[in-house]
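Read through the structure below, which is laid out as structure tokens, and then see the notes.
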């Protein structure tokens, strides 16, 4: 073979390699969802085939079911798209009060993103991360996947990471944030129940709402049941339902505040969570006034108490530790401890209004 032909052959081979690599990097996921809980997690999110078509469109594959929460957890104003997948022939078991018992092999998929402009969602979005909760034989495990700037792939980063993001909020103001992706071990900081990693969101009271499946609204509990994902599901009218924290039409001020505290605080502040020793229990079903903080002195004082005396002082959020810690940007004071760097202005206002509505005095 002549030098000229050898050069042509090399150039042709290089061209084929470039084309093949480009196709591989941009090809949509094909085939059914691929999960094997007996092996380490995939390095690339696309290897699971949770989504079909263009990766960033997040179009669910077969048996990947989208869902939403009535009142969601605040995460520095990030929006979220949630999905659940379960192995063929398995299903969760309905529970009135606690997280549904999801089968081994189930995966919860939560995507965190920011619209470029909250006033006009047609201007696109930037996906920051996808968190997987995978139910293995030994229990649940969390895996964080960070999306690249091109929005073509997300890569497993067990050490977490940081990414700068800017967006225009609903008021037309430009916001900027050094967004934090938690590491694998930090997942347990919020998902700890009796020292075991446990999902937070899939509870009857959080899911009992309509969701637009293929533009056709349907109650989520009924959809989970019809998809074979939920056993023993009652009529939605007989299932619990929380209020939507920012919609007065869905509940009273008390009901909306308790729904907000339930999802944002009660994963720690419950008798089985990391905040159990505080004696402050903010789950939706707690009714004892002292347990939810009214005229309750903190177990431990110090900076976190802000030199205030009680978790909640009836009628006065300005001297209530609960409001003080929700407002603080200080990592040593702020609550929740993980999952936020920004203050949730609207959420803080809701809780302050709630505290202000209480009557009576602390002795």
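Between residue 170 and residue 123, the modelled labels are 1.6 nm apart [label points 7 Å from Cα along Cα→Cβ]. Using a 7 Å offset from the Cα along the Cα-to-Cβ direction at both residue 343 and residue 138, what is the distance between the two label points in nm, to one decimal? Between residue 343 and residue 138, the label points sit 4.3 nm apart.
Between residue 253 and residue 213, residue separation times 0.36 nm minus the direct Cα-Cα distance comes to 11.4 nm.
Along its principal axes, region 248-356 has C-alpha extents of 39, 28, 27 angstrom, given from the largest down.
What shape does region 26-238 take by its C-alpha gyration tensor, where a ≥ b ≥ c are the square roots of the eigenvalues and a/c under 1.5 counts as rounded, a/b above b/c as prolate, and the rest as oblate? Verdict is rounded for region 26-238. Decide, for region 66-105, between rounded, prolate and oblate: order the square roots of the alpha carbon gyration tensor eigenvalues as a ≥ b ≥ c, take rounded if a/c falls under 1.5, and otherwise choose prolate if a/b is larger than b/c, else oblate. Taking the square roots of the gyration eigenvalues as a ≥ b ≥ c, region 66-105 is oblate. The Cα-based radius of gyration and maximum Cα-Cα distance (Dmax) for the chain are 23.3, 99 Å.
When the alpha carbon coordinates of region 31-128 are projected onto the principal axes, the ranges are 42, 36, 22 Å, largest first.
Restricting attention to the chain, close to 90% of DSSP beta bridges with both partner residues there are antiparallel.
Working ranking of peptides 225-238, 197-210, 134-147 by packing, defined as the average number of other Cβ atoms within 10 Å per residue, highest first, is 197-210, 134-147, 225-238.
Remark: the residue 98-residue 231 segment gains 46.4 nm on full extension, using 0.36 nm per residue and subtracting the alpha carbon distance.
If the segment from residue 88 to residue 353 were pulled out straight at 0.36 nm per residue, it would be longer than the present Cα-Cα gap by 90.7 nm. Taking label positions 7 Å along the Cα-Cβ direction at both residue 63 and residue 291, the computed distance is 4.0 nm, reported to one decimal. Each of 128, 335 was scored by other Cβ atoms within 10 Å of its Cβ. Listed from fewest to most, they are 335, 128. Between the alpha-carbon centers of region 299-363 and region 110-165, tell me the distance in whole angstrom. Cα centres, region 299-363 to region 110-165: 30 Å.
Rule-based calculations on the coordinates, nothing more; no lab input. A quick note: this is a predicted structure, and the numbers were derived from the prediction, not measured. Positions of Cβ are backbone-derived with ideal geometry, glycine not excepted, and every protein chain shown enters the neighbour counts.
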